[in-house]
Amino acid sequence: VAEGLNLLLVIFLLLNFWMLGTSRLRAVIHCAGAQGLLLGAAYLLMHATSGPRAIALGVAVAAIKGVLIPRILIGALRGQPIRREAEPFISFTVSLLLGALATGLAVLFARTLPLIETDAGALLVPTSLATVLTGFIVLTTRRKALTQVVGYLTLENGIFIFGLTLIEAMPFLVEAGILLDVLVAVFVMGVVVEHIVAEFSSLGGDELTELRE
Amino acid sequence: MSALLLLVALPLAFALSALATSSERARPWLIPIAALCQVPLLAAIGSSGPSAEGNGWLGLDPLGTLLLAYLTLFFLCCACYAPAYLRLRAERPNRLFCTMMLVFFSMMNLFGISQHVGLMWVAIEATTLSTGPLLYFNHNPRSIEATWKYLLIGSVGIALALLGTFFLGYSALHAGLESSLVFRDVIAHAASLSRPWLRAAVVLLFIGYGTKMGLAPMHTWKPDAYGEAPGLVGAILAGGVTSCAFVGVLRFYGIAVAAGDAGFARELLLAFGLFSMAVGGVFMVRQRDYKRMLAYSSVEHMGILVLGASIGGAGLFGSLLHMLNNGFTKGVMFLSAANIHRHFGSRSIDSVQGALRALPASATLFLFGFFAVTGAPPFGPFLSEFTILRAAVADGRIAVGVAFLALLLLVFIGMGATVLAVVQGDAPEREPARARERFAQVAPIVVLLALVLLLGLWVPARLEAALWSAAHFIEGAR
């Protein structure tokens, strides 16, 4: 189990870097979606033996984060002239470097946090923190509303990796987190992005610059 | 159904009936009726003493009681303003607005009675999502941008709070404890929680709930949201959501204190407090938009709240008192600013002048609100800010006290220039068809101002006892 989990987590980290380095919106969405699927797989891998509640949770994570939300986002992309991120606030090279720095810091910081011995996979906490930071970088350096949403999703993916340690002891917390996901998916993405499209007639973010000091 | 759950269910029932009501004129009246119904309900619950229900997930402790009593009064005043406001905006459908307002009210109540870290998190999340449509009431590009920032930054804050909650849970797991995240249990076992995880959790939770409070540097949603939102929504955000989030911060501060790590938490709060006051003060200077100015004033006052909490003891008492004062004062400011905005149709001091002549009542209230919010006697904020200052000096933290005073002075000067520009001067000639002041638009503000004045002149003994028992409850001197 531990080896399988570590493999999943390494792929997770690689997806982080891919997301930071690519300018194609579709690829960014697919990265976040693939992470969602990996997350569901990891939940099932670690907790398949702990009863129907944990299995249902794993399936729900994969379905919502891996399939449903990426589909909504790809759907929002359809009919738009934009395929690529319009020049981000920092270049892709710099954001890759920042991502590497964040991953390094995450590893260092995770060392100071003592793990329960039975928790397999020393990569768990560093991957979680690195993904949270990656999501934060994407969220703050890209102009498109859609990419910002993907950044938020990545940040959440990182949090849910950490949730792996808590499913058995506190399933309610993880389930509440999924609830957030569903609601944000419906409210922020479904409704607001649609309104942004209607108001600015192209997928905003870039256009959302009227309000500033 | 239990009495506590009724606090959540009642406004929700009103929300459903608002959704079902077809009359645009009648619907807004459901908001004040719902608020009014809560008064006897809360009084009945309060008189039956502390209670706990549902495995201890729901309950009213001294802090929750204080918050709910305050929110009920505050929301009642704002609710009475709603019908008059929505009548002015009769050109816009108000079904979604009324429904979401009541859902929001229900979720604030849920926050007040939550005794579980996860449940409280769900409640604060629900307040964020339900206020989104309220912000977007005006349906124009500027308001969608403000709503977008509000939801996105708020969601990130909430997500970080979730991570902090996970960390807190893990710190209990690591200590081999019964994995309950009911506040009472966490505090009882706080000393044995894993310290590194607890510290990481406290940092994340402060950042997460601090984002909802609008502490700098997580405040960036605030000027846009408060600037674009209808004044009524600005009032309930500045007086309601931020107060809830502050109570959340206090609950986690209480856990840190119980774990014997008070020093760490206090340093964090002090840093957030001074930085927020500085950011609020600096951006208020030469601010030309009077609604954005109010947003920065809110950032500043959130700073005062956590600064007071960081001093502890009498400082925490002052800070809780300031929570009430700030809320009522913000109500005065936002609602009177809304009247001014309605009349002039602009938020910039370039085109809004002479409000005292055009709208004597609203502009006078706005001016008094300004004196109250900047801490001039005899209003409430003066008393609470003075209490915090005295606690800082008595604690030997002279530098903190001096910085506190200097920042208050900066705010007074910065804000004064903008407010005076709005109220003074000659009103430009207007066609008489412009929105005029009605009684229902002014009376709720007068009540709010009276409350602010009352709290400055005389703190009732019962309130003082409630504030002290909440302060003692947080810091564990039970």
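For chain B, carbon and sulfur atoms together expose 67% of the accessible surface, with a 1.4 angstrom probe and every protein chain in place. Surface analysis of region B:197-355 yields an accessible area of 17 Å² per residue, using protein heavy atoms and a 1.4 Å probe.
Within 10 Å of each Cβ in peptide B:449-457, how many partner chain Cβ atoms are there on average? Round it to a whole number, please. Mind dumping the intermediate values first?
Details: counts 0, 0, 0, 0, 0, 0, 0, 0, 0.
Taking the mean over all residues of the peptide, I get 0.
Peptide packing: for A:102-112, A:48-58, A:160-170, A:15-25, the average count of neighbouring Cβ atoms within 10 Å per residue gives the ranking A:160-170, A:15-25, A:102-112, A:48-58, highest mean first. Excluding same-chain neighbours fewer than eight residues apart, the lysines reachable from B:Lys149 by a Cα-Cα span under 19 Å are A:Lys144, B:Lys212, B:Lys222, B:Lys291. In the full protein context, region A:1-59 carries 44 Å² of accessible surface per residue, based on a 1.4 Å probe and ignoring ligands, DNA and RNA. Among the protein heavy atoms of region A:1-58, carbon and sulfur supply 72% of the accessible surface, probe 1.4 Å, non-protein parts ignored.
Please compute the modelled spin-label separation between B:Ser2 and A:Glu3, points set 7 Å along Cα→Cβ, answer in nm with one decimal. Here the modelled spin labels are 5.0 nm apart. Take the Cα of B:Arg288, step 7 Å toward its Cβ, do the same at A:Ser23, and the gap between the two points is 3.6 nm. Any chance you could check region B:106-153 for residues losing 30 Å² or more of accessible area when the partner protein chains are in, compared with the chain on its own (1.4 Å probe)? Listed by number, the residues meeting the 30 Å² cut-off are B:Trp121, B:Val122, B:Glu125, B:Leu129, B:Tyr136, B:Pro141, B:Arg142, B:Ile144, B:Glu145, B:Trp148, B:Leu151, B:Leu152.
Taking the centroid of alpha carbons for each part, region B:139-213 and region B:250-318 are 18 Å apart. Taking 0.36 nm per residue of sequence separation and removing the Cα-Cα distance, the B:Leu36/B:Glu178 pair yields an extension gain of 47.0 nm. For region B:74-101, the residues whose backbone nitrogen is under 15 Å from a point 7 Å from the Cα of B:Leu19, taken along Cα to Cβ, are B:95-101. Against the compact-protein benchmark of 2.2 N^0.38 Å, the Cα-based radius of gyration of region B:200-288 scales to 1.18. Summing charges over all other residues whose Cβ lies under 14 Å from the Cβ of B:Met415, with Lys and Arg as +1 and Asp and Glu as -1, gives +3.
I need to check one value: relative contact order of chain B, counting alpha carbon pairs closer than 8 Å and at least 6 residues apart, in percent.
Values: 786 pairs, mean separation 73.6, N = 478.
Dividing the mean separation by the residue count of chain B yields 15 percent.
For the chain pair B and A, the buried solvent-accessible surface (1.4 Å probe, both sides summed) amounts to about 4200 Å². With both labels modelled 7 Å from their Cα along Cα-to-Cβ, the A:Glu194 to B:Ala450 distance reads 4.6 nm. Annotation: per residue accessible area for region B:84-183 equals 21 Å², rounded to a whole number [probe 1.4 Å, protein chains only].
Counts of other chain beta carbons within 10 angstrom of each beta carbon in peptide A:146-154 average 2.
The values are calculated or read from the model by the stated rules, or taken from the named source; none is laboratory data. Here the structure is a predicted model, which is why all the values come from computation and not from measurement. Here Cβ is always computed from backbone atoms with ideal geometry, including for glycine, and neighbour counts include all displayed protein chains. When the accessible area is computed, the model is the full protein with side chains, heavy atoms only, and any ligands, DNA or RNA have been set aside. Shrake-Rupley method; radii C 1.70, N 1.55, O 1.52, S 1.80 Å.
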